[in-house]
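Participant: Sharing a structure with you now.
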Amino acid sequence: MKHSSVTITHRTSTDRRRITPPGLRIAGVAVLLAIGLALAPVPAIRSAPRAAPQVALAATRPNVLIIIMDDQRDQGTLAVQPNVRRLFQSEGVTYANAFDTTPLCCPARGSLFSGRYPHNTGVRTNADPDSEQRFDQKTTLVYHLQNAGYATAMAGKYWNKWPQSTPPPYFDHFAMTGGGYLNAGFNVDGTQKTVMGYNTDVIGNFAAQDLQTFEANDAQPWFLYLATQGPHSPFEPSATYANAVVPAWDQSPAVLEADRSDKPTWIRQSTTPLADVESTRRQQLRTLMSVDDMVAKVFTKLEVLGESDTTLAFFISDNGYMWGEHGQIEKRAPYTDSISIPMYLRWPGQVAAGSVDTRLVTQMDITPTVYDVVGITPGYTVDGVSLFAPGARQRMFLEYRRSPDAPRLPSWGSEITAARQYVEWYNDDGSLSFREDYDLANDPWQLTNRLGDANPGNDPPYADISAQLHADMVCVGTACPQPVSQNPDTAPPTTPGVPTGTSVRAGQIDLTWPASTDDRATSITYRVFRDGGATAVGAVTSASTTRVAFTDVGLASASTHTYRVTASDGTNTSSLGLVSAPITVTSAAPVIFRDDFSGGLGAWNNVRGIAIDAAAGRSAPSVLARATGSIAYAFHGFGATYPTACASVDVRLNSIGTNGVALFRFRTAGDQPLGRVSLSSARKLFIRADRAGVAKYSTKVLPLNTWSSIELCGTTGTSGTWRLYLNGASILGPWTVNNGTTPFGAINLIENTAKTVSVNLDNFVVDDHVG
């Protein structure tokens, strides 16, 4: 094999990178791409975007290496990493405006693995093992590379709450650790053990072993994923660097910000002393010195094996980390030093060494880049864009959901453009609590929130960018921020059709309208406006070519509303559609039966296998039904009969057996079965029409250990109907089926046949019509 020279640099205390204010980098919106083929020399910096020829790229089938740090910020950290600077910055492409889709470990890694936003991966917080288990592993880079014939391996961290005994899917070899710096626990190809030594060094050793293993079949391309603990807390450097000198701290104006009255309450009320920040900074930099040694070790091994020039390599972090900016330390917040990440691409002979790309990019773009290079068409929709695609995004969308491991910080969404950042903060019910807007061109340090200061004269209009933000919150694929190419998309979607709607449920209106068409986009985002208002009440992204549905909730009973809709292809927005006819909201139905279980189980008969759980409930107490191959059951007669009835209950499923279970059942006054809402063993919600003896399944899976609201509505008759709602949204129906002519007269919790289940139920309400 042909070997190219790689020089490994020894660290000195004077290595230091000049810090450029991030906002100023963004303001220089000109794209400085440098992408080309080895056979066609490319200038070091290109002033206009250009795509690498796809056939030539796909034919190379390079090895793929991803090295990801945990909490390495973009600004001020590469000073202690001369090997990273030489190998990636000097010999590759620097992405000067790289962001994380969510500045938090698990959501950011889910986006990296799949090329999708967290709202599409389902992994939106840390400390949520259920979301990690539900994550679709077949929507990942490793799955598709393995299927494409790549050998696969990983060393280091995976998901935060992934069981240490469970192998990471689709890796041929793995050395997976749960974290820690010294003598950490690893699962090495299925064997759990403690590996002595400093964790970063250990990961480097495993990486070298993997590369040597790959060499046994040198013709087979490989994928290697390396994920370090550094520089995450507890910030423990190795003995080698325990007292290493670090560069002096140049405190930016954001660190020295004295007046934070324009910031949200939770930012104003928390301040980290600068002495604590400086201590954290020193220790983080010292841990990164070992990371730099690991990078050197990996590339030395690549050079020895002759694989350096045939490897497409990425160096990134999962999120930034604030060093006292706006009084904060850590990540999670929507400010530049939290959301910016170091991101580099190295591919000798294919990209211009030492080039800088100033486009708006994220770690989510890495997976579609590899698909592009290898020639893979994934079996799912990606939201990111290949870094070799032409053009540049005009905006970037970022999102954060309040996480169980840091409940102080609320949810937020943000839009970033060349010269502006707009942020909305949300209460847990989704309502708006605060806005921020920064002029990044003139205020790169985000010192003046133009929507929060005392100067109304500097307030920019925000209706359009807010509407775009809400559309991006549900975007999928090409409806998410996309590059504007040299052949820009200037044609908006056709104007949506006139909405029509009904209100069969108290407090909400169900709308549909004829879908728009577009010359390029496969998914279109629709924004819904109520009663002539200038701000959208909601948005929905749909690939339908026929009709689109949307439900407006939280409306006053008997109120009347009209609607109009616009359509966006991610670049252009259609004109506002025609107004709907007025639609009146259904009033709440009289209550037939209500029980919050605060008075025990006195309203129920034939009580078996259930008991009051005083400690748990949507509003404690609740009923706990726990059965192991036994009956868990309670019955209540209405004392009257009804041709239409709806029952709703709050449910928290703890576990379920192999035969599924009915959550509640409608019966006649004579105790004959009419219908039920049930869960399959896979936790999928479905309706069973008992009179007809048939069932209809939904696509919704009830999460474990999470409160959900379930409502089942039915009408009797030979052409009766059933409808099923989850958390207020329709998931099944109307389903027309023979329910018989005997009306509803009773209901029971769970079912009177032996099952295995553990479930809490609270707030049981029965009405005489949908409501």
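The values are calculated or read from the model by the stated rules, or taken from the named source; none is laboratory data. Owing to the predicted nature of the structure, the values given are computational and were not obtained by experimental measurement. With ideal geometry, Cβ positions are generated from the backbone for all residues, glycine too; neighbour counts draw on all protein chains shown. These area figures cover heavy atoms from the full protein model, side chains too; ligands, DNA and RNA do not enter into them. Shrake-Rupley method; radii C 1.70, N 1.55, O 1.52, S 1.80 Å.
Participant: Where in the stretch 424-453 does the label zone of Ser270 land, with the point 7 angstrom along Cα→C-beta and an amide N cut-off under 16 Å?
Facilitator: 425-428
Participant: Report, ordered by chain and residue number, the lysines lying within cross-link reach of Lys696, taken as a straight Cα distance under 21 Å and ignoring same-chain residues fewer than 8 apart.
Facilitator: Counting by Cα, and skipping residues close in sequence, Lys696 has these lysines nearby: Lys684, Lys755.
Participant: If you don't mind, another one. How big is the C-alpha Rg of the stretch 303-434 next to the rule-of-thumb value 2.2 N^0.38 Å, as a ratio?
Facilitator: Computed over Cα atoms of the stretch 303-434, the ratio equals 1.27.
Participant: Rounded if a/c is under 1.5, else prolate if a/b beats b/c, else oblate: with a ≥ b ≥ c from the C-alpha gyration tensor eigenvalues square-rooted, which is the stretch 466-609? Could the numbers behind the result be given before it?
Facilitator: Values: a/c = 3.23, a/b = 2.07, b/c = 1.56.
The shape class here is prolate.
Participant: How do 232-244, 505-517 rank on mean C-beta neighbours within 10 Å, highest first?
Facilitator: 505-517, 232-244
Participant: Could I ask something else about it? How large is Rg over Rh for the stretch 304-363, taking Rg from the Cα atoms and Rh as the Kirkwood inverse mean of 1/r across Cα pairs?
Facilitator: 1.13
Participant: Now a separate question. Spin-label point model (7 Å from Cα, Cβ direction): what's the Ser544 to Gln209 distance in nm?
Facilitator: The two pseudo-label positions are separated by 5.4 nm.
Participant: Multiply the residue gap between Ser233 and Thr377 by 0.36 nm, knock off their C-alpha separation, and tell me the result in nm, one decimal place. Please report the intermediate quantities before stating the final value.
Facilitator: On the way: separation 144, 0.36 × 144 = 51.84 nm, distance 3.83 nm.
Length gained, Ser233 through Thr377: 48.0 nm.
Participant: Going toward the positive end of the dipole of the stretch 641-714, with +1 on Lys and Arg Cβ and -1 on Asp and Glu Cβ, which of Ala645, Leu685, Gly714 do you reach last?
Facilitator: Leu685
Participant: Give me the dipole magnitude in Debye, nearest 20, for the stretch 451-519 about the Cα centre, with unit charges on the beta carbon: positive for Lys and Arg, negative for Asp and Glu.
Facilitator: 280
Participant: Using the membrane-span-like helix rule (whole DSSP H runs, Cα extent along the own axis of at least 20 Å, mean Kyte-Doolittle hydropathy at least -0.5), which helices of the chain qualify? Numbers along the way, then the final one.
Facilitator: Numbers: long enough: 199-215 (24 Å, -0.27); 274-305 (46 Å, 0.02).
Counting only whole DSSP H runs, the qualifying helices are 199-215, 274-305.
Participant: I want to check the label-to-label distance for Ala611 and Ala463. Put each point 7 Å from Cα in the C-beta direction and report it in nm to one decimal.
Facilitator: 5.9
Participant: Separate question: Which option, [x] 101, 69, 47; [y] 108, 62, 60; [z] 86, 61, 54, is the value of Cα extents along the principal axes in Å that was calculated from these coordinates?
Facilitator: Only one listed value fits the structure, namely [z].
Participant: If r is the Cβ-Cβ distance from Val195 to Thr741 and R0 is 56 Å, what FRET efficiency results, to the nearest 0.05?
Facilitator: For Val195 and Thr741, the calculated efficiency is 0.20.
Participant: For the stretch 649-771, what is Rg from Cα atoms divided by 2.2 N^0.38 Å, rounded to two decimals?
Facilitator: That ratio works out to 0.98.
Participant: Of Tyr198, Tyr344, Asn120, which is farthest on the positive side of the dipole of the chain, counting Cα position, with +1 on Lys and Arg Cβ, -1 on Asp and Glu Cβ, and the Cα centre as origin?
Facilitator: My answer, from the dipole projection, is Asn120.
Participant: What is the dipole size for the stretch 485-615, taken about its Cα centre, with +1 at each Lys and Arg Cβ and -1 at each Asp and Glu Cβ, in debye to the nearest 20?
Facilitator: My answer is approximately 200 debye.
Participant: Also: Considering the Cα positions of the stretch 424-490, please state its Rg to one decimal place and its Dmax as a whole number of Å.
Facilitator: My reading of the Cα-based Rg and Dmax gives 15.1, 43 Å.
Participant: What residue among Phe171, Val766, Asn458 has its Cα farthest toward the positive end of the dipole of the chain, where the charges are +1 on Lys, Arg and -1 on Asp, Glu, each on the Cβ?
Facilitator: The Cα lying farthest towards the positive end belongs to Val766.
Participant: If you stretched the chain out fully between Ser431 and Gln394, how much longer would it get, using 0.36 nm times the residue separation minus the C-alpha to C-alpha distance?
Facilitator: 10.6 nm
Participant: Which ³J(HN,Hα) values, rounded to whole Hz and listed in residue order, are derived for the stretch 588-599 from phi using the Karplus coefficients 6.51, -1.76 and 1.60 in 6.51 cos²θ - 1.76 cosθ + 1.60 with θ = phi - 60°, glycine and proline given as x?
Facilitator: 5, 7, x, 7, 7, 7, 9, 8, 9, 6, 6, x
Participant: With a 1.4 Å probe and all protein chains in place, put Ser575, Ser708 in order of accessible area, largest first.
Facilitator: The ranking, largest first, comes out as Ser575, Ser708.
Participant: Go ahead and run the numbers for FRET between Thr517 and Lys696, Cβ-Cβ distance against an R0 of 35 Å, rounding to 0.05.
Facilitator: That pair, Thr517 with Lys696, gives E of 0.65.
Participant: With a 1.4 Å probe and all protein chains left in place, how much accessible area per residue does the chain have, in Å²?
Facilitator: Values: 28330 Å² over 771 residues.
The answer is 37 Å² per residue.
Participant: Something else: Rounded to the nearest 500 deg cm²/dmol, what is the calculated helix-only ellipticity per residue at 222 nm for the chain, with -39500 (n - 2.57) per DSSP H run of length n ≥ 4?
Facilitator: When only DSSP H runs of four or more count, the value is -4500 deg cm²/dmol.
Participant: Bins of 5 Å, beginning at zero and ending with the bin holding the largest distance: percent of Cα pairs per bin for the stretch 197-314, please.
Facilitator: Calculated over all Cα pairs of the stretch 197-314, the distribution is 2, 9, 16, 15, 12, 11, 11, 8, 6, 5, 3, 1, 0 percent.
Participant: Using the Cα centre of the chain as the reference point, and only Cβ charges (+1 on K/R, -1 on D/E), how large is the resulting charge dipole? Debye, rounded to the nearest 20.
Facilitator: Using Cβ point charges on Lys, Arg, Asp and Glu, the chain gives about 1120 debye.
Participant: Still on this structure, please answer the following. In the chain, carbon and sulfur make up what percent of the accessible area (probe 1.4 Å)?
Facilitator: Using a 1.4 Å probe with all protein chains present, the chain comes out at 52 percent carbon and sulfur.
Participant: With a point put 7 Å past each Cα toward its Cβ, work out how far Val245 is from Arg683 in nm, to one decimal.
Facilitator: With each label point 7 Å from Cα toward Cβ, the separation is 5.5 nm.
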